[in-house]
1. Read through the list (1) within 13 Å of Leu77 (Cα to Cα); (2) in contact with a His (Cβ under 8 Å, 6 or more places away or on another chain), then give the number of the only condition that Lys125 fails.
2. Taking the stretch 118-150 only, how many residues are open to solvent by less than 30 Å² (accessible area, probe 1.4 Å) and not in a helix (DSSP H, G or I)?
3. For the stretch 31-79, give me the residue count where each residue is farther than 15 Å from Gly110 by Cα, small (Gly, Ala, Ser) and in contact with a strand residue (DSSP E or B) (Cβ under 9 Å, 6 or more places away or on another chain).
4. Hey, can you tell me all the residues within the stretch 46-65 that are open to solvent by less than 70 Å² (accessible area, probe 1.4 Å) and not aliphatic (A, V, I, L, M)?
5. For Lys95, state whether it is open to solvent by 80 Å² or more (accessible area, probe 1.4 Å), modelled with pLDDT of 95 or more and assigned to a helix (DSSP H, G or I).
6. For the stretch 22-35: of the residues being aliphatic (A, V, I, L, M) and not in a loop (DSSP other than H, G, I, E, B), which is nearest to Pro134 (Cα to Cα)?
Amino acid sequence: MNIIQIVCVGKLKEKYLVQGIAEYSKRLAPYVRLSVHEVPDEKAPENMSEAEMRQVQEKEGAGILGHIKPDTHVIALAIGGQLWSSEDLAAHMDKLGTYGTSNVAFVIGGSNGLSEDVLKRAQTKLSFGRMTLPHQLMRLVLVEQIYRAVKINRGEPYHK
């Protein structure tokens with residue numbers, strides 16, 4: 001696996017999250033090329049109807065899909081996705097690399113979730129648990145888990 005993308009909704013503003021992601025990105029640099037693509041979050045009223053929420057998801061989804069090439073393996077972060085351990089993620093990433101998938105995109109939706117089009121495009125749906133986490137924080141957790149998976153696959157030690 002050569003290229004890992006993170007395609008996410010919203011701009012990261014909190015300094016501590018930016019610093020954490022920068023640290024793990026630096027640690028990943030010798031192993032993979034990591035890129036982060038931020039899609040603008042759509043402005044939406046506080047109390048949306050189902051139709052309004054779908055419209056927001058669709059607009060954000062179109063922005064997400066615009067960053068993903070046809071040959072990319074997509075892993076969508078979704079509450080209803082599969083629950084994996086760090087070792088499971090490492091094994092999945094290793095399998096993708098073994099079978100010639102060099103481009104992988106992890107997708108993090110906005111506060112209203114992912115559109116049906118994005119979920120259909122994803123080959124894998126992954127959940128980090130049943131708790132709801134802010135999507136900005138999820139970005140940091142994801143980058144750390146990607147780094148951990150790389151270290152596991154290389155047989156190198158990592159803090160427990």
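1. All conditions pass for Lys125, except number (2).
2. So the count comes out to 5.
3. Counting residues in the stretch 31-79 that are farther than 15 Å from Gly110 by Cα, small (Gly, Ala, Ser) and in contact with a strand residue (DSSP E or B) (Cβ under 9 Å, 6 or more places away or on another chain) gives 2.
4. Ser49, Gln57, Glu60, Gly61, Gly63
5. No; evaluated as a whole, the condition is false for this residue.
6. The qualifying residue nearest to Pro134 (Cα to Cα) is Ala22.
Residue-wise test of (1) part of a strand (DSSP E or B); (2) open to solvent by 40 Å² or more (accessible area, probe 1.4 Å); (3) at pLDDT 95 or above.
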site: Val7; (1), (2), (3): yes, no, yes
site: Leu12; (1), (2), (3): no, no, no
site: Gly20; (1), (2), (3): no, no, yes
site: His37; (1), (2), (3): yes, yes, yes
site: Asp41; (1), (2), (3): no, yes, no
site: Ala44; (1), (2), (3): no, yes, no
site: Ala76; (1), (2), (3): yes, no, yes
site: Gly80; (1), (2), (3): yes, yes, no
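The values are calculated or read from the model by the stated rules, or taken from the named source; none is laboratory data. Keep in mind that this is a model prediction, so the values were computed, not measured. Quick reminder, even Gly has a Cβ in these numbers, built from the backbone with ideal geometry, and neighbours come from all protein chains shown. Ligands, DNA and RNA are excluded from the accessible area calculation, which covers all protein heavy atoms including side chains. Shrake-Rupley method; radii C 1.70, N 1.55, O 1.52, S 1.80 Å.
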